[in-house]
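Undergrad: Following this message is one structure expressed as structure tokens.
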Amino acid sequence: MSIRTIPVLPVPVQRTDAWHAGPLLTALALAGFVAYALWAALQNAHYFAPPYLSPFYSPCLAANCALASMPLVGAGWTLSPAFLVLWIPGGFRATCYYYRKAYYRSLFRAPAACAVPDAAGTYSGESRFPWVLQNLHRYFFYLTLPVLAFLWWDALSAFRFSDGWGVGLGTLVLCANAALLTLYTFGCNSCRHACGGRLDSFRGKPARLRAWRFVTRLNEKHREFAWASLASVVVADLYVRLVSMGVVVDPRLI
Ligand code: FES
């Protein structure tokens with residue numbers, strides 16, 4: 001029998017605990033993040049408060065950016081510059097193995113929880129469009145690496161103020177965001193495969209073994225880093241936005 005035609009037999013839910021809570025909270029958190037990210041990208045304003053650049057707009061690839069990190073796209077681009085880059089981290093997260101489990105459960109109820117039947121009557125796996133596109137995850141991983149490098153550049157640039165080097169609260173916010181995104185990115189299953197895949201043995205490959213062990217430790221906390229980095233991106237954008245709007249005064253710590 002093909003995986004495309006496996007019927008899911010209707011089974012009554014026998015759980016009496018609050019199994020709805022987890023999927024509901026997950027759905028609310030994911031929907032909230034997507035809504036905020038779209039809103040922030042559409043604003044096309046208040047994403048740069050010198051020396052801080054919002055992670056939603058980094059790297060800023062349009063010539064008309066408030067801070068053009070790399071102006072690859074000319075003045076013909078009239079939409080928000082966030083849309084030039086957001087598809088990379090967005091695609092990376094959307095195809096992430098952890099997030100797939102999270103939204104398959106919370107949004108599609110496939111299944112909603114352990115010992116709870118699927119909402120759909122059949123199971124087709126990830127063998128058909130659009131779910132077959134989940135296989136692009138490894139390419140999104142490689143595309144994310146240069147974006148991450150730019151976020152670290154932004155974090156380092158956040159130490160440089162108009163009157164010289166220093167540390168503001170925004171500096172710490174951008175550094176924490178870059179660090180959490182690094183921990184999330186390098187705990188990726190595709191990164192783990194890049195370090196230890198296609199090998200029958202690590203014999204004679206100590207560097208790959210060390211890298212694989214390090215990535216495996218991050219991978220064990222992938223869920224935690226996924227949520228922490230999701231929150232930190234929102235906090236970083238919001239902080240830059242509020243400073244840019246004059247709602248918050250960035251305290252200079254050093
Ligand atoms: S598995 Fe989560 S980012 Fe790759």
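Undergrad: Check region 178-199 and report whether any residue there is surrounded by fewer than 14 Cβ atoms within 10 Å (Cβ to Cβ) and more than 16 Å from the ligand (Cβ to nearest atom). Full working, then the answer.
TA: Of the residues in region 178-199, the ones surrounded by fewer than 14 Cβ atoms within 10 Å (Cβ to Cβ) are 197-199.
Filter once more, so that each one left must be more than 16 Å from the ligand (Cβ to nearest atom): 198-199.
Yes, region 178-199 has at least one match.
Undergrad: Then there's this: Could you run through region 87-119 and say how many residues are more than 16 Å from the ligand (Cβ to nearest atom) and under 22 Å from L148 (Cβ atoms)?
TA: The number of residues fulfilling the criteria is 0.
Undergrad: A further question on this structure: If N219 satisfies every condition in (1) within 13 Å of the ligand (Cβ to nearest atom); (2) part of a helix (DSSP H, G or I); (3) within 19 Å of L143 (Cβ to Cβ); (4) not acidic (D, E) but one, which is the exception?
TA: Result: N219 passes all but (3).
Undergrad: Please report, ordered by residue number, the helices (runs of 4 or more DSSP H) entirely within region 15-96 with at least 3 residues that are of a type outside the set (A, V, I, L, M, F, W, C) and surrounded by fewer than 17 Cβ atoms within 10 Å (Cβ to Cβ).
TA: On the way: elements: 21-43, 82-85, 87-94.
Answer list for region 15-96: 21-43.
Here, each number is a calculation from the coordinates, and none is a lab measurement. No experiment lies behind these values; they were computed from the predicted model shown. Every residue, glycine among them, receives a Cβ derived from its backbone with ideal geometry; neighbour counts consider all protein chains shown.
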